[in-house]
Amino acid sequence: METNNSKVLLIYTGGTIGMIKDYQTGALRAFEFDNLYKRIPELSHLDCEISVHSFEKVIDSSDMNPQHWIEIAEVIEREYNHYDGFVVLHGSDTMSYSASALSFMLQGLTKPVIFTGSQLPIGDLRTDAKENLITSIQLAALKENGELVIQEVGLYFEYKLYRGNRTTKINAEHFQAFASLNYPLLVESGVHLKVMKENLLPRKQKQHLEVWKDFETNVAIIKMFPGITAPILNGIFNIPNLKGVVLETYGSGNAPTDAWFVESLQSAIHKGIYIVNVTQCSGGSVMMGKYEASEALKKMGVIDGKDLTTESAITKLMLLLKKNISHKLFKIKFEENIAGEI
Ligand code: ASP
């Protein structure tokens, strides 16, 4: 596998990775990615050409919203034919949401889009930023017999490349900040890059890139907890214009069997609100009907979120709600795989 002659575009959105510490004042300030080679001379050992596109206003990823996802997607759309691969530098806090959103937005993607960030700023002595950045670029440039090896949205962190829409941030302190509990690694980085080809999305013929840019934002995530009450649940379902809800249930998709709970969900569904059942466990899948506690959900037409992460479920819901899909078909379409997320 080779990286020579590849062209990679770095899209810098913000986050810790782009910070350097002023050792005199201790304050963090934004790093000038335009001077990338000067700052990280190791990059010149990579046999590929790197350009940088920076968000005009770099942000902490807590400020990310669908407008920013569109901004990232539009840069990729505009530059798609000029580069072999893309690396998105992003704060780690909401990186899994953005990677999931982009995996659905970039329809027909046949190039790598690698999200990465870091737990420590790039200028910090013990930073994880350099390795994350260098290997992400390498992955975005990776070819075999002239063909790009990765043709999907990935997330690279601490020596591992995951499928982006399978990830969740699981740790606020460890360098190993992400996990993909329902899908194996795509690449492991050690002395060599170990590419697990069998886990990658199958290579496609070059296709036209179509970008989905319409998001429904009248959506909510409800996390079940023992003691949740009817007024709280009904209060959410009565929000004007609410179109869809991701319901984080227990275990394999279980929820209370109390009449008030079942009636509350049933009346929401009658009003036309779509409800997606995902598990609040970090790993495993919803299996509606396995226990009595999920039988009622299955019968009333709750959508089966299978083994989707919450990040994938909410972004997929926001995008599919803007498609012209009839009520009858919506559940079927949602339960189908779009980008390896199920
Ligand atoms: N708060 C930061 C962000 O998500 C943390 C990070 O960059 O990892 O933007």
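How many residues does the range 96-147 hold that are in a helix (DSSP H, G or I) and either out of contact with any Ser or Thr (no Cβ under 7 Å at 6 or more places or on another chain) or of a type in the set (D, E, K, R) (or both)?
Kept after step one, since they are in a helix (DSSP H, G or I), are these residues of the range 96-147: 96-105, 129-141.
Then keep just the ones that are either out of contact with any Ser or Thr (no Cβ under 7 Å at 6 or more places or on another chain) or of a type in the set (D, E, K, R) (or both); that gives 98, 102-103, 105, 130-131, 134, 137, 139-140.
The number of residues fulfilling the criteria is 10.
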**Request:** Spot the failing condition for N241; the list is (1) surrounded by 12 or more Cβ atoms within 10 Å (Cβ to Cβ); (2) more than 17 Å from G301 (Cα to Cα); (3) out of contact with any helix residue (DSSP H, G or I) (no Cβ under 6 Å at 6 or more places or on another chain), and only one is missed.
**Result:** (1)
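When only residues in the range 276-294 that are in contact with a Leu (Cβ under 8 Å, 6 or more places away or on another chain) and surrounded by fewer than 21 Cβ atoms within 10 Å (Cβ to Cβ) count, which is modelled with the lowest pLDDT?
S282
When only residues in the range 29-45 that are among the aromatic types (F, W, Y) and out of contact with any Phe, Trp or Tyr (no Cβ under 8 Å at 6 or more places or on another chain) count, which is nearest to the ligand (Cβ to nearest atom)? Spell out the reasoning first.
As a first pass, look at the range 29-45 and keep what is among the aromatic types (F, W, Y): 31, 33, 37.
If we keep only those that are out of contact with any Phe, Trp or Tyr (no Cβ under 8 Å at 6 or more places or on another chain) too, we end up with 31, 37.
Working: F31: 12, Y37: 23 Å.
Looking at the filtered set, the residue picked out is F31.
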**Prompt:** Give me the pairs: first residue in the range 106-128 and free of Cβ contacts under 8 Å to residues at least 40 places away in the same chain and within 15 Å of the ligand (Cβ to nearest atom), second residue assigned to a loop (DSSP other than H, G, I, E, B) and among the hydroxyl-bearing types (S, T, Y), beta-carbon distance under 9 Å, and six or more apart or on different chains, which are they?
**Reply:** T127/S118
**Item:** Selection count where residues are among the hydroxyl-bearing types (S, T, Y), touching a strand residue (DSSP E or B) at 6+ places or on another chain (Cβ under 6 Å) and closer than 30 Å to W69 by Cα, scope the range 291-318
**Value:** 2
**Request:** List every residue pair whose Cβ atoms sit under 9 Å apart, with the two residues 6 or more apart in sequence or on different chains, where the first one lies in the range 152-176 and is without any contact (Cβ under 8 Å) to a residue 12 or more places away in the chain and the second, anywhere, is polar (S, T, N, Q).
**Result:** N171/Q119; A172/S92; A172/Q119
**Asked** Considering the range 295-342 alone, what residues qualify as being among the basic types (K, R), at pLDDT 95 or above and under 19 Å from Q280 (Cβ atoms)?
**Response** K306, K316
**Request:** Return the total of residues in the range 43-90 being polar (S, T, N, Q) and more than 22 Å from the chain's Cα centre (by Cα).
**Result:** 3
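Listed here are the residues, each with its yes/no results for (1) among the hydroxyl-bearing types (S, T, Y); (2) away from the ligand (no atom under 16 Å from the Cβ); (3) more than 21 Å from A73 (Cβ to Cβ).
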{"site": "T135", "(1), (2), (3)": "yes, yes, yes"}
{"site": "G164", "(1), (2), (3)": "no, no, no"}
{"site": "T168", "(1), (2), (3)": "yes, no, yes"}
{"site": "N182", "(1), (2), (3)": "no, yes, yes"}
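Is there a residue being under 12 Å from Y12 (Cα atoms) and in contact (Cβ under 8 Å) with a residue 24 or more places away in the chain anywhere in the range 34-44?
From the range 34-44, those under 12 Å from Y12 (Cα atoms) are 34, 36; that's our starting set.
Then keep just the ones that are in contact (Cβ under 8 Å) with a residue 24 or more places away in the chain; that gives 36.
Yes, there is a match, as at least one residue in the range 34-44 is under 12 Å from Y12 (Cα atoms) and in contact (Cβ under 8 Å) with a residue 24 or more places away in the chain.
Among the polar types (S, T, N, Q), touching a strand residue (DSSP E or B) at 6+ places or on another chain (Cβ under 7 Å) and touching a residue at least 24 places away in the same chain (Cβ under 8 Å), is that true of S96?
On the way: among the polar types (S, T, N, Q): yes; touching a strand residue (DSSP E or B) at 6+ places or on another chain (Cβ under 7 Å): yes; touching a residue at least 24 places away in the same chain (Cβ under 8 Å): yes.
Here the answer is yes, as S96 does meet what is asked.
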**Prompt:** Is there any pair with a first residue in the range 46-65 that is under 22 Å from A140 (Cβ atoms) and near the ligand (Cβ under 9 Å from one of its atoms) and a second that is among the aromatic types (F, W, Y) and in a loop (DSSP other than H, G, I, E, B) whose Cβ atoms are under 9 Å apart and which are 6 or more apart or on different chains, and what are they?
**Reply:** none
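From the list G85, G14, G26, G18, exactly one residue is away from the ligand (no atom under 16 Å from the Cβ) and buried (at least 21 other Cβ atoms within 10 Å of the Cβ). Which is it?
Values: G14 fails: away from the ligand (no atom under 16 Å from the Cβ); G26 fails: buried (at least 21 other Cβ atoms within 10 Å of the Cβ); G18 fails: away from the ligand (no atom under 16 Å from the Cβ).
Testing whether each residue is away from the ligand (no atom under 16 Å from the Cβ) and buried (at least 21 other Cβ atoms within 10 Å of the Cβ) leaves just G85.
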**Request:** Pairs only if they're at least six apart or on different chains, beta carbon under 7 angstrom, first in the range 301-326 and under 15 Å from L102 (Cα atoms), second among the basic types (K, R) and outside any loop (DSSP other than H, G, I, E, B); list them, first residue then second.
**Result:** T309/R166; L320/K333
**Message:** With the requirement that a residue be under 15 Å from the mean Cα position of the chain (by Cα) and either within 14 Å of T168 (Cα to Cα) or among the basic types (K, R) (or both), what does the range 303-342 give you?
**Reply:** D307, L308, T309, T310, E311, S312, A313, I314, T315, K316, E341
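The values are calculated or read from the model by the stated rules, or taken from the named source; none is laboratory data. Because the structure is predicted, anything quoted here is derived from the model rather than measured. Glycine also receives a Cβ, built like all others from the backbone with ideal geometry; neighbour counts cover every protein chain displayed.
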